[in-house]
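Below is one structure; the comments refer to it alone.
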Amino acid sequence: MSKENNPQRSKKRVAVLLGGWSAEREVSLVSGRDCANALEKAGYEVTRIDVTRDLKALIAALTPAPDAVFNALHGRGGEDGTIQAVLDIMGIPYTHSGMRSSAIAMDKPTAIAAFRAAGLPCPKGVVVPEEDLGKDDPLPRPYVVKPTHEGSSVGVYIVQPGDNGPDYSGWHYGDALVEEYVAGRELTVTVMGDKALCVTELRPNQGFYDYEAKYTEGKTVHVCPADIPSDIADQCKDYALRAHKALGCRGVTRSDFRWDDSAHNGSRLFLLEVNTQPGMAPLSLAPEQAAHMGISFPELVSWMVEEAQCD
């Protein structure tokens, strides 16, 4: 019997959380819509909940409790352990990583410390207090400036030699993580349970793989699988699985890398971060990699629901 049309699942009730209040709200709405549609196609009874800061409204929407929650939220509130803590208290199984893993992954300096403790290579970096941004160069140029608690490349700047530097007057993200800029190629790996799927190379038409390049059709070419040496692909997958385990993640995650393949530097591979709530929109990478491995979108989200649990 097809996994995408299983009548035995028709009685399983799944609430899809989408929207939220972070900078990634619009992406979450798209992810949640597509996941909900795919779950209905797979035979689940689906409720869609547009999450706001109103905790009482969320609890009411989850009463009576569904059999599982599909967490399609991104960014603050949905990806940082907040929603996970609420669902743990309510005793409702949910997709993706638990509260602790989510909170650590969203706190970039803490996650990097965990990666390094696990022997994973990360770019050199330093945390700069918000009030000190723009005063001087915390690292030799070029370097990357990113918020310590955001995802999807929100608020990311690359400071090149000769630049005037970013205008921080509109910065509202708190402290920043400043890292050495790693030249080379952008790679990413999805982990599903205890298996790394494959490697995708991301080739933006211009600039770097920022928010617009991620979510605007035609802005970035996805090369899946990446046209890279097999040893680098194997190393990427090994690092992704080790990073997933280092944070205690579960379900589906996605790890991002920079590979400096320039001859004068040798071959250097760096882990940038682990995304505990990878996008599930039409241009998203996790569904694309799953499809490459022969896993349809309804099969992917169904697996995630069946693996749902509380901490």
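Scanning region 13-60 for residues that are more than 13 Å from LEU73 (Cβ to Cβ), among the hydrophobic types (A, V, I, L, M, F, W, C) and in contact (Cβ under 8 Å) with a residue 60 or more places away in the chain gives VAL14, ALA38, LEU39, ALA42. If only residues of region 147-161 that are in a loop (DSSP other than H, G, I, E, B) and modelled with pLDDT of 90 or more are counted, the one that is least open to solvent (accessible area, probe 1.4 Å) is THR148.
hydroxyl-bearing (Ser, Thr, Tyr) and within 21 Å of the chain's Cα centre (by Cα) - does that describe any residue in region 44-52? Even if it seems obvious, please write down each step before you answer.
Keep residues of region 44-52 that are hydroxyl-bearing (Ser, Thr, Tyr), which gives 44, 47, 52.
Within this subset, residues satisfying the condition of being within 21 Å of the chain's Cα centre (by Cα) are 52.
So far as region 44-52 goes, yes, one or more of its residues are hydroxyl-bearing (Ser, Thr, Tyr) and within 21 Å of the chain's Cα centre (by Cα).
Looking only at region 55-89, count how many residues are hydrophobic (A, V, I, L, M, F, W, C) and open to solvent by 60 Å² or more (accessible area, probe 1.4 Å). Residues meeting the conditions: 4. Looking at ALA111, is it open to solvent by less than 10 Å² (accessible area, probe 1.4 Å) and either touching a residue at least 12 places away in the same chain (Cβ under 8 Å) or among the hydroxyl-bearing types (Ser, Thr, Tyr) (or both)? The answer is yes for ALA111. Scanning region 279-311 for residues that are more than 22 Å from ILE92 (Cα to Cα) and among the aromatic types (Phe, Trp, Tyr) yields one hit, PHE297. You will find that of GLY134, GLY119, the residue that is in contact with a Lys or Arg (Cβ under 9 Å, 6 or more places away or on another chain), open to solvent by 30 Å² or more (accessible area, probe 1.4 Å) and of a type in the set (Gly, Ala, Ser) is GLY119 and no other.
With the condition being at pLDDT 95 or above and within 18 Å of THR253 (Cβ to Cβ), I'd like the strands (runs of 3 or more DSSP E) fully within region 34-146 carrying at least 1 qualifying residues.
On the way: elements: 45-51, 68-71, 125-128.
The strands (runs of 3 or more DSSP E) meeting that bar are 68-71.
For region 44-54: of the residues being within 20 Å of GLU26 (Cα to Cα) and among the hydrophobic types (A, V, I, L, M, F, W, C), which is surrounded by the most Cβ atoms within 10 Å (Cβ to Cβ)? Outline the logic, then answer.
Within region 44-54, the subset within 20 Å of GLU26 (Cα to Cα) is 47-54.
Applying the additional criterion that residues be among the hydrophobic types (A, V, I, L, M, F, W, C) yields 49, 51.
Values: ILE49: 20, VAL51: 24.
Filtering region 44-54 for residues that are within 20 Å of GLU26 (Cα to Cα) and among the hydrophobic types (A, V, I, L, M, F, W, C), the one surrounded by the most Cβ atoms within 10 Å (Cβ to Cβ) comes out as VAL51.
Figure legend. Inter-residue proximity from region 228-255: first residues at positive phi, second residues modelled with pLDDT of 95 or more and assigned to a helix (DSSP H, G or I), beta-carbon distance below 7 Å, spacing 6+ or different chains. Indicated pairs: GLY248/ARG100; GLY248/SER101; GLY251/MET304.
Under the condition of being out of contact with any Phe, Trp or Tyr (no Cβ under 9 Å at 6 or more places or on another chain) and outside any helix (DSSP H, G or I), which residue from region 252-272 is least open to solvent (accessible area, probe 1.4 Å)? Let's see the steps before the verdict.
Our first condition is that a residue be out of contact with any Phe, Trp or Tyr (no Cβ under 9 Å at 6 or more places or on another chain); within region 252-272, this holds for 253-254, 261-266.
Among the residues that remain, those that are also outside any helix (DSSP H, G or I) are: 253-254, 261-262, 266.
Values: THR253: 1, ARG254: 20, ASP261: 70, SER262: 31, GLY266: 33 Å².
For region 252-272, the residue satisfying everything is THR253.
The values are calculated or read from the model by the stated rules, or taken from the named source; none is laboratory data. It should be emphasised that the depicted structure is a prediction, and the values quoted were computed from it without experimental measurement. Glycine gets a Cβ as well: all are built from the backbone with ideal geometry, and neighbour counts include every protein chain shown. We work out accessible area using only protein heavy atoms, side chains counted, and drop any ligands, DNA or RNA first. Shrake-Rupley method; radii C 1.70, N 1.55, O 1.52, S 1.80 Å.
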